[in-house]
There are 2 protein chains.
Amino acid sequence: MKRVAIGIDIGGTNTAIGVVDIEGNVLYERKPQMATPQKLENPHMTQAVSDAIMSKYVTDLTIEIKAAIEMVKQINPEIEVMGIGIGAPNANYYSGTIEKPANLPFVGVVNFASMIQNNFPEIKYVKLTNDANAAALGEMIYGGGKGMKNFAMMTIGTGLGSGLIVNGDLVYGADGFAGECGHVTVVPGGRICGCGGRGHLEAYCSATGIKRTVYELLAKYNDPESPLYKIPMSEMTSKIVFDAAEKGDPIAKEVFEITGEILGRTLADTVHYLSPEAIFLFGGAAAAGDYIFKPTKASMERYLMPVFRNKVKILPSELKESSAAILGASALIWKEIEKNK
Amino acid sequence: MKRVAIGIDIGGTNTAIGVVDIEGNVLYERKPQMATPQKLENPHMTQAVSDAIMSKYVTDLTIEIKAAIEMVKQINPEIEVMGIGIGAPNANYYSGTIEKPANLPFVGVVNFASMIQNNFPEIKYVKLTNDANAAALGEMIYGGGKGMKNFAMMTIGTGLGSGLIVNGDLVYGADGFAGECGHVTVVPGGRICGCGGRGHLEAYCSATGIKRTVYELLAKYNDPESPLYKIPMSEMTSKIVFDAAEKGDPIAKEVFEITGEILGRTLADTVHYLSPEAIFLFGGAAAAGDYIFKPTKASMERYLMPVFRNKVKILPSELKESSAAILGASALIWKEIEKNK
């Protein structure tokens, strides 16, 4: 028998579905991804409408999961499905619920894990958590965090998510929602964050944060020589800033310096809290390589108490970006099996 | 047989020694406390001098521990000593070492736990950790944290220490030194901290921080009506500020407002990291009651993401201040027994 885990990642646009073995080999991945139900234009969604959309989504997802299992069985009839791991926004590991997700057309608290579990009574584990927590577990089970008992994972995309590993397990906290480092205050009274708060890490150290810093610096220097000068905010990406930095643009370089300064200072705080062995950076912004890693590392060391200096590694995630979401979600299951040994 | 644990707290001035049962009853406490060896005036302490001082200290401490056990045996001959728990500055739980303590006359890394263990081969556990970590364990074993799996403890005295409980255990991190919340940056580029850093929590939210805020506000308002106006910084205490606030002094009240604002913002960050069930405040500054708890709670709620609001309690520690150090240190042993069950 070959043991496998199903990994599902519910994004705002698409739902990724895959089948993964304990070594992190993706045996099957649905392509193209399944569409996630979209929010209705009518802002006054009722419970009944939400329930109907959810019911259809769970039915569709169930069919897709069954199809995925069949696909893998065609290659290896001897597979045993150990569980279904799900990464989703506002997912609560303890209760298996998705709670008031901002970008999904569901109101209130949805008992998502048990709805899926009901359709797969033969599968032992159906577990869910948010995507950054799942990524941290993926790093621990398949990636650079293998063998580490204490590390942090920062997923830097449009926003900034985090997953914290302490004493070999994910930190879920009292309510299941721990690990929201994107929303710690790094500049008191600073930029408005997507969550409504001010000066949060995510407003500075994310693709969006990088973009905002670009225009702050363009406003400061008003330099028509910068290749960034002609690009509207609606079209700006981290990749464009990276390319400008590669061409020597001082504004683009300063953008990364500022981003790294703030990220490094915050990671120093993370170390003061948790003293991890390493901090992994994952996602698009982390792809800027030395432009982001160097100033981040330098800043972190500068802000650390002496006892913590030159101890904590800042590393790129070893999860392949394209399959990271599926890997992370499936890792939930291997972790669950380990816990229940 | 009545099971007991020895609790020892090594402070910069005195060493507290006591014997505690599993309910947190202090069966014996050495009074007056034993003197801790003091730093020599000669700043060029050699290893040999450090070793000699340490050797004498361990000998003296061993005698005191034996005496303490005898004292308790006189009342109840049936006691069984389960272990010796030690709270000390720069203590490493994993290695049992005290590493480069700033306020003790020891250089380098001292294998403190094994030196004590050698003198008590019949006692199973000799464990040490820093005083704030010990306090958090004390709160969990004997105090308000009983039954909680996730909480944080902030000990607010001359400095600010912290102990973090995650998944029912203390967070030690990769190197044994985790939980240094006093040194997270709360005001980038702000006040110089005792550790040499800038803008750290401890520089604002501690007895020393409160004192500094007093003089910042006295400088701002230059108000001769304030009862604080005539007191030099060398004589200012949190108690004096508290008394002034009680008499209605607006500067004293604002001091607590500012302290609570910064502490609450930082505790919101703590929640974003760890989502604890409660945060306990311990120590002299916490004794200011509503003056500190009210603005801290209000500020924390203001800075929390909606998902965390109105969930996390800020509570006064239930450990009696006079015996908290001994209780905390002894709690290390009960926790160790639980872990090894």
Residues B:Lys320, B:Lys211 arranged by fewest to most Cβ contacts within 10 Å
B:Lys320, B:Lys211
Among A:Phe120, A:Phe106, B:Phe280, which comes first, then next, by fewest other beta-carbon atoms within 10 Å?
A:Phe120, A:Phe106, B:Phe280
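Relative contact order of chain A: what whole-number percent is it, with Cα pairs under 8 angstrom and at least 6 residues apart?
Details: 685 pairs, mean separation 67.9, N = 341.
Dividing the mean separation by the residue count of chain A yields 20 percent.
How much of the DSSP bridge set in segment A:151-317 is antiparallel, in percent, rounded to the nearest 5?
Details: 10 of 19 bridges.
Counting only bridges with both partners in segment A:151-317, antiparallel ones make up about 55 percent.
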Return the ratio Rg/(2.2 N^0.38 Å) for chain A, where Rg is computed over Cα atoms only.
1.03
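With the cut-off at 1.5 for a/c, could you classify segment A:192-258 from its C-alpha gyration tensor as rounded, prolate or oblate?
prolate
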Whole-Hz couplings from phi, Karplus 6.51/-1.76/1.60, listed for segment A:91-100; x for Gly and Pro:
7, 10, 4, 5, 9, x, 9, 10, 10, 6
Centroid-to-centroid separation of segment A:251-279 and segment B:149-227 [C-alpha atoms, Å]:
20 Å
Under 5 Å, built H, 5+ apart or other chain: amide partners of A:Val186
A:His200, A:Leu201
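Quick check: from the Cα gyration tensor, does segment B:204-341 come out rounded (a/c under 1.5), prolate or oblate?
Numbers: a/c = 2.94, a/b = 1.57, b/c = 1.87.
It comes out oblate by the Cα gyration axes.
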What is the fewest-to-most order of A:Ser114, B:Ser323, A:Ser206, B:Ser50 by other Cβ atoms lying within 10 Å of their Cβ?
A:Ser114, B:Ser50, B:Ser323, A:Ser206
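Would you mind calculating the relative contact order of segment B:151-317 from Cα pairs under 8 angstrom and at least 6 residues apart, reporting the percent as a whole number? All intermediate terms of the calculation are to be shown ahead of the outcome.
Values: 277 pairs, mean separation 38.4, N = 167.
Computed value for segment B:151-317: 23 percent relative contact order.
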Run the numbers for B:Glu338 and B:Met34: contour at 0.36 nm per residue of separation, minus the present Cα-Cα distance, in nm.
106.4 nm
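For the pairs A:Lys220/B:Lys220; A:Lys297/B:Lys294; A:Lys56/A:Lys339; A:Lys311/B:Lys339, flag any whose C-alpha to C-alpha distance is greater than 29 Å.
Numbers: A:Lys220/B:Lys220 31 Å; A:Lys297/B:Lys294 38 Å; A:Lys56/A:Lys339 33 Å; A:Lys311/B:Lys339 27 Å.
Beyond 29 Å: A:Lys220/B:Lys220; A:Lys297/B:Lys294; A:Lys56/A:Lys339.
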For A:Pro32, label point 7 Å along C-beta direction: distances to other copies, nm
8.1
Could you size up the charge dipole of segment B:209-331 around its Cα centre, putting +1 on the beta carbon of Lys and Arg and -1 on that of Asp and Glu, and report it in debye to the nearest 20?
260 debye
What are the ³J(HN,Hα) values, in whole Hz, obtained from phi via the Karplus relation 6.51 cos²θ - 1.76 cosθ + 1.60 with θ = phi - 60°, for each residue of segment A:28-40 in sequence order, with x given for Gly and Pro?
7, 9, 5, 9, x, 5, 6, 6, 7, x, 9, 4, 7
Karplus (6.51, -1.76, 1.60) ³J(HN,Hα), θ = phi - 60°, over segment A:15-25, in Hz, Gly and Pro reported as x:
10, 8, 9, x, 10, 10, 9, 5, 7, x, 6
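Given +1 on the Cβ of Lys and Arg, -1 on the Cβ of Asp and Glu, and no further charges, what dipole in debye does the protein assembly as shown carry about its Cα centre, rounded to the nearest 20?
Values: 66 positive and 74 negative charges, 23 e Å.
The dipole of the protein assembly as shown has a size of about 100 debye.
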Calculate the radius of gyration of the Cα atoms of the protein assembly as shown to one decimal place, then report Dmax, the largest Cα-Cα distance, as a whole number, both in Å.
27.3, 87
Kindly provide the helix-only [θ] at 222 nm of chain B, computed as the sum of -39,500 (n - 2.57) over DSSP H runs of four or more divided by all residues, to the nearest 500 deg cm²/dmol?
-12500 deg cm²/dmol
Amide H neighbours of A:Thr15 at under 5 Å, excluding residues fewer than 5 places away on the same chain, with H built from the backbone geometry, are A:Met34, A:Ala35, A:Thr36
Can you tell me the FRET efficiency between A:Tyr94 and B:Glu41 if r is taken as the Cβ-Cβ distance and R0 is 60 Å, rounded to the nearest 0.05?
0.60
Would you kindly give the portion of the calculated P(r) for segment B:293-341 that falls above 11 Å, as a percent of all Cα pairs?
75 percent
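Name the shape class, rounded, prolate or oblate, that the alpha-carbon gyration tensor gives for segment A:64-156, where a ≥ b ≥ c are the square roots of its eigenvalues, rounded holds for a/c under 1.5, and otherwise prolate holds if a/b is larger than b/c and oblate otherwise. It would help to have the intermediate numbers written out before the result.
Details: a/c = 2.07, a/b = 1.08, b/c = 1.92.
Oblate shape, in that a/c is at least 1.5 and b/c is the bigger or equal ratio.
No lab work stands behind these numbers, since they all come straight from the coordinates. In this text the structure is predicted, and so the values were computed from the model without any measurement. Don't worry about glycine lacking a Cβ; one is built from the backbone with ideal geometry, like all the others, and counts go over all protein chains shown.
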